[in-house]
Amino acid sequence: MVIAEADNREKGSLETPSSTSLIGLAQLGWFAGVELLGMSVFARLIQNLTGTKTIADVSVVLDGRLPAFDSTHVPDVAVSAASDVWGVAKEQLRDQRHRGLDTVLIIRTGAYMECDLDDLVRFHCRRGEAVTRVCDDQGGLDFWVVNPHIASEGDDLRTTLESAEACYRVQGYVNRLDSWWEMRRLVIDGLTLRCLFWPQGREVRPGVWMAEGAQLERGARIVPPGFIGRDVTISDQCLITRCTAVESGSHVDCGTVVEDSSILSGTYIGIGLDLSHSIAYGTHLVHLNHDVMLEITDPIVVRQMRGKHSRLAGISPSWPIGNPRKWPR
Amino acid sequence: MLSSGPVVVIQVPEQFIRRKTRDFVQELRGFIESNRPRIVLDCSQVRSIDSAGVQALLHCLEETLKRDGDLKLASLSAEAEVILELTRVARIFETFSTSDDAVRSFGAISLTDLPRDVPSYSAAFEALRALKEAS
């Protein structure tokens, strides 16, 4: 069971965060829905779960504040949107108990982690506790293995999960994805193969991945490692360097240099610019070295592109489904 | 002999965008058109700057250099710094962390550097002027 819940950690700074923009998602504390290296953490999680044979059933409980999730590409996944995600999750757990399931994974999307599922379930069975929580060096992660009978307990499901005593220490890569810096780190780690967050494209030469429909005009150069997403255009005389990822439907115009940056889905970057150490999304620019986020209303410099990629891929009908891979080990 | 006027420190508006740049350049024109203008633009208040703002800065620098003067930037806000770096303009300007540093770089003394007990020479100048007129 995957729970996609908004965190609202920055709600104090804005009364009504918009769930339709990246900035809105950041305010909702949900970086997992942002397309990174061709696919969001959330979409990868669903893909991995549906591709794992030992998992009988995958369901998603989506926070009503988050963008609608179209599951037509994954018909086996039951999606329910609710304002009280934990209440609905408890209902589903009760239902799973009646259906005779003996072990349920509950994952609240947020962090990206690489965990050996078989080992985790073996650990849970060996300990014999009702709830086992996955932990890393920094503490508990929002990933539990539970016996469905806990649904009959009177406590709130979240409280029951938070009070789990059994802790399974994850051995693989973990990124809590709770800031712009962590989001960027995940991209760099994916490009430098430090984790299994692989770019969703073809490796056209060592360290350079290009997805379907990506266009590299004459004179444009990519210094590895780098990722060029679906339907991206890199114009003449551009230089894409130092772990840069250009996500689907974006356009980097003539002569621009992009260094150590992520250009998120559907973003136009103007002519002759120097973009470095940044995350660009539509009219917003987050500069990681200067620790500043600014809105650039000048469409000559940056802008949101119109069309199918202007949505956040990975949580829209355009979210990419590739060949399901095994759960990363 | 060439002579220089005082160093002028001017605050750049918070929203340095298209509709504000014309007024700003107009305001600056008087200083720019003086002999060997020495101008410091304090960018500490800048929160937003667009391509017209960047163009205005470049125009002011160009006009100042034409008159054998110089225009320097000081106290760049993070927002201004990001935009100037993004548009590759940062390298063209000489920038300083404070306006006082920028003023000093012209070889001038900042008002804040003047000791409080400095003697006033204005009376002596008045007397000299009177003497000149009399002669």
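The values are calculated or read from the model by the stated rules, or taken from the named source; none is laboratory data. This one's a predicted model, so the numbers in the text were calculated from it and none came from an experiment. Note that each Cβ is placed from the backbone with ideal geometry, even for glycine, and that neighbours are counted across all protein chains shown. SASA here: full protein model, heavy atoms, side chains in, ligands and nucleic acids out. Shrake-Rupley method; radii C 1.70, N 1.55, O 1.52, S 1.80 Å.
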What number comes out for the charge environment of A:PRO299, summing +1 per Lys or Arg and -1 per Asp or Glu over other residues with Cβ under 13 Å away? -1
In nm, to one decimal, how far is the modelled label at B:ARG29 from the one at A:ARG194, with both set 7 Å along Cα→Cβ? 5.5
Whole-number accessible area per residue in Å² for the stretch A:149-228, which is evaluated in the context of all protein chains at 1.4 Å: 51
Please compute the length gained on full extension between A:CYS125 and A:ASN289, using 0.36 nm multiplied by the number of residues separating them and subtracting their Cα-Cα distance. 54.4 nm
Please work out the C-alpha center-to-center distance from the stretch A:128-144 to the stretch A:271-301 and express it in whole Å. 38
How big is the dipole moment of the stretch A:148-306 about its Cα centre under a simple scheme where the beta carbon of each Lys and Arg is +1, that of each Asp and Glu is -1, and everything else is neutral? Debye, nearest 20, please. 620
Carbon and sulfur: what percent of the stretch A:163-320's accessible surface (1.4 Å probe)? 50
Pop out the ³J(HN,Hα) list for the stretch A:203-213 in order, Karplus 6.51 cos²θ - 1.76 cosθ + 1.60 with θ = phi - 60°, rounded to Hz; leave Gly and Pro as x. 7, 6, 7, x, x, 10, 10, 10, 8, 4, x
Which of the residues in the stretch A:269-290 show a loss of at least 50 Å² in accessible area from their chain by itself to the complete set of protein chains, at a probe of 1.4 Å? A:ASP274, A:HIS290
Around A:SER80, with a cut-off of 12 angstrom between Cβ atoms, what is the net charge of the other residues, counting Lys and Arg +1 and Asp and Glu -1? -4
Here the residues of the stretch B:65-97 whose accessible area is at least 10 Å² smaller with all protein chains than in the chain alone (probe 1.4 Å) are B:ALA78, B:GLU79, B:GLU81, B:VAL82, B:ILE83, B:GLU85, B:LEU86, B:THR87, B:ARG88, B:ARG91
How much area per residue is accessible in the stretch B:55-101 when the probe is 1.4 Å and only protein heavy atoms are counted (Å²)? 44
Quick one: order A:ARG303, A:ARG242 from most to least accessible surface, probe 1.4 Å. A:ARG242, A:ARG303
Pairwise FRET efficiency - B:LYS66 versus B:GLU14, Cβ, R0 = 35 Å, nearest 0.05: 0.75
Tell me the total accessible area that B and A bury against each other, 1.4 angstrom probe, in square angstrom rounded to 100. 1300
Given the whole protein assembly as supplied and a 1.4 Å probe, what does the accessible area of B:ASP68 come to in Å², nearest 10? 90
